[in-house]
Amino acid sequence: MKKKLWIIPIVIIISVLLLIVVVLGMSKLFGRESRYEIEKDLMEKGPWSTEAIWMDKNSQMYLICTKGSGNQYANVVAYLYADGQWSSTQVDLYQGAPIACFVASDGERVLEASAQMNGQNLRLYKFKVYDDAFELEYDDIELSQFAYQEQIDKLPFDIMK
C-alpha cells in the first residue's frame, strides 16, 4: 500500500505541468495571431495600402505615400517637424510585428513606434528614439488619411527626393 502512495503526488505534479504548458502554448499562439491581424490591417488599410497623405491634427508629422504602377505596397516617407525644421525618413513595417521603423537616407534607424489602425486612423505610439536629432514632443500620435492630389500642394515643406 505504501508503494502506491508516491504515485499520487507524481501524477498531480505531471498534471499541473501539462496544464501550464498548454496554457502558455495557447497564449503564445493567440498572441501571434493578434500581431498577424494587426499587421494585416495595417497593410490593407494603412499607409502602405494606397497613394495618400496621412497627417496628425497638429501638423507635426506627415506620411507621404506613393504607389508606383505594379507595386503591391506604397512607398511611405515620413516628414517630421522637430527642433524647428522638417526631416524626412523612409517608413517600413517590420514583418511579423506591428512596428513602424523610420530610417534615414543613410540607412540608419532613427525611430521606431508601435503601429495599429484605430478605425480609419493610424495610431503610432511607444516611440523609441535612436537619433537625438528627433526629440519628439509626443509618445502617442494619431494620423488621418487624405487624398494625395488634394493635399500635395498644401504641404508646409518641400518634398525631398
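Derivation of every value follows stated rules applied to the coordinates shown; laboratory data play no part. Computed from a prediction, not measured in an experiment: that's the story for all the values here. For neighbour counting, all protein chains shown are included, and Cβ atoms are generated from backbone atoms with ideal geometry for every residue, glycine included.
Listing for the model above:
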read-out	value
Cα-projected label distance for residue 105 with residue 90, points at 7 Å along beta-carbon direction, nm	1.3 nm
Expected 222 nm ellipticity per residue - DSSP helices of 4 or more, -39500 (n - 2.57), all of the chain, to 500	-9500 deg cm²/dmol
Spatially proximal aspartates and glutamates relative to residue 126 (Cα-Cα < 17 Å; intrachain offsets below 8 disregarded)	39, 56, 92, 112, 135, 137, 139, 140, 142
Efficiency of FRET between residue 128 and residue 159 - r from beta-carbon atoms, R0 22 angstrom, step 0.05	0.25
Acute angle (nearest 10 degrees) that the helix 7-45 long axis makes with the longest principal axis of the chain, alpha-carbon atoms	10 degrees
Efficiency of FRET from Cβ geometry, residue 13 and residue 137, R₀ 41 Å, rounded to 0.05	0.15
The chain - Debye-derived log10 I(q)/I(0), Cα point model, q = 0.14, 0.17, 0.20 Å⁻¹	-0.73, -1.00, -1.31
Cα shape, the stretch 19-108, gyration tensor, a/c 1.5 rule	prolate
3J(HN,Hα) from dihedral phi, the stretch 90-105, Karplus parametrisation 6.51/-1.76/1.60, rounded to Hz, x for glycine, proline	6, 10, 10, 10, 4, 6, x, 8, x, 10, 8, 10, 9, 10, 6, 4
